[in-house]
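Everything on this sheet refers to the single structure shown next.
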Amino acid sequence: MKRVVFFLFVLIIYPGNVLVLAQESKGTSDEEKIKEEVWEVVRKRNTTWLENDFSGHMDIYHKDFRRWSLHSKTLMTKEIFASFWEGIKKNEAVIKIDIERKEMQLLDEGRLAIAHYTVDEVYQWIGENKSNDKGKTIKKGQVLNGKLRFSDIYLKVNDNWKYVGGHRDGAFLN
C-alpha cells in the first residue's frame, strides 16, 4: 500500500505579526489525530505569545506547571512564568514566529504528549538600550532573531491539553 505524504505550510497573518507553521501530514490514524490536537495547542501557545494574549496563553498552563528557569536554579511555576511574561513583553514586540515540528511522543495511552519543535522568533527591542550577555549593545528599535528549541509536555485534562512543563533552550541572537 502506498502512503501519501505531503507538506502543508500555513501562513497566518495578524495585524503586524506573522506566524508560519510547517507541518508534515502522514495520515489520519487515532494517534495522528491526537498528535494534531497537541500540535494545535503548540500553535496556540505560540500564537498567544505573538499576539500578546496573556490570558489565552496562561489558560494553556496546567495549575501544577514546572519548568527550569534559564538562568536560575529555580523551577518556574505558572505564577513565575506570569511575571516572566511581564518582564519580557515590556521590552520586546514579537513580529514573527516560525514553528518547525520535529517529533511528537505519545505516552500513557495518548493522555501525555511531548512535543519537540523549534521556533525562529523575530522581535523588536522596545526597551531602553542595554548590553547583552556578549557585551553587545541592544538598541531600542533594533530587530533581533531568537532561535529556540522546545520540548513541551502536555497532559490531557477533561478533554483539554494542558502544558505541564518541559524544556527550552536557545535564544541565539543575530
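Details
- Exclusive hit being polar (S, T, N, Q), part of a strand (DSSP E or B) and either surrounded by fewer than 14 Cβ atoms within 10 Å (Cβ to Cβ) or in contact (Cβ under 8 Å) with a residue 60 or more places away in the chain (or both), set GLN105, GLN124: GLN105
- When ALA93 is tested against (1) farther than 19 Å from VAL41 by Cβ; (2) modelled with pLDDT of 95 or more; (3) within 15 Å of the chain's Cα centre (by Cα), only condition (3) is not met.
Table: residues versus (1) part of a strand (DSSP E or B); (2) more than 20 Å from the chain's Cα centre (by Cα); (3) among the aromatic types (Phe, Trp, Tyr).
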position	(1), (2), (3)
ALA113	yes, no, no
LYS134	no, yes, no
ILE153	yes, no, no
LYS156	yes, no, no
TYR163	yes, no, yes
GLY166	yes, no, no
ASP169	yes, no, no
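- Considering the range 61-78, and only residues there that are surrounded by 12 or more Cβ atoms within 10 Å (Cβ to Cβ) and of a type in the set (D, E, K, R), the residue that is farthest from ARG168 (Cα to Cα) turns out to be LYS78.
- Condition met for GLN142 (within 25 Å of ASP159 (Cα to Cα), out of contact with any Gly (no Cβ under 6 Å at 6 or more places or on another chain) and among the polar types (S, T, N, Q)): no
The rows are residues; the columns are (1) at pLDDT below 95; (2) touching a strand residue (DSSP E or B) at 6+ places or on another chain (Cβ under 8 Å); (3) more than 21 Å from ASN52 (Cα to Cα); (4) of a type in the set (A, V, I, L, M).
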| residue | (1), (2), (3), (4) |
| --- | --- |
| HIS71 | yes, no, yes, no |
| PHE81 | yes, yes, no, no |
| GLU86 | yes, no, no, no |
| GLU109 | yes, no, yes, no |
| LEU112 | no, yes, yes, yes |
| VAL119 | no, yes, no, yes |
| LYS139 | no, yes, yes, no |
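- Any chance SER83 is in a strand (DSSP E or B) and among the hydroxyl-bearing types (Ser, Thr, Tyr): no
- Residue count, the range 115-174 (criterion: polar (S, T, N, Q) and farther than 27 Å from MET58 by Cβ): 6
The values are calculated or read from the model by the stated rules, or taken from the named source; none is laboratory data. Bear in mind that the values here come from a model prediction, so they are computed numbers and not experimental data. Backbone-built Cβ (ideal geometry, glycine too); neighbour counts: all protein chains shown.
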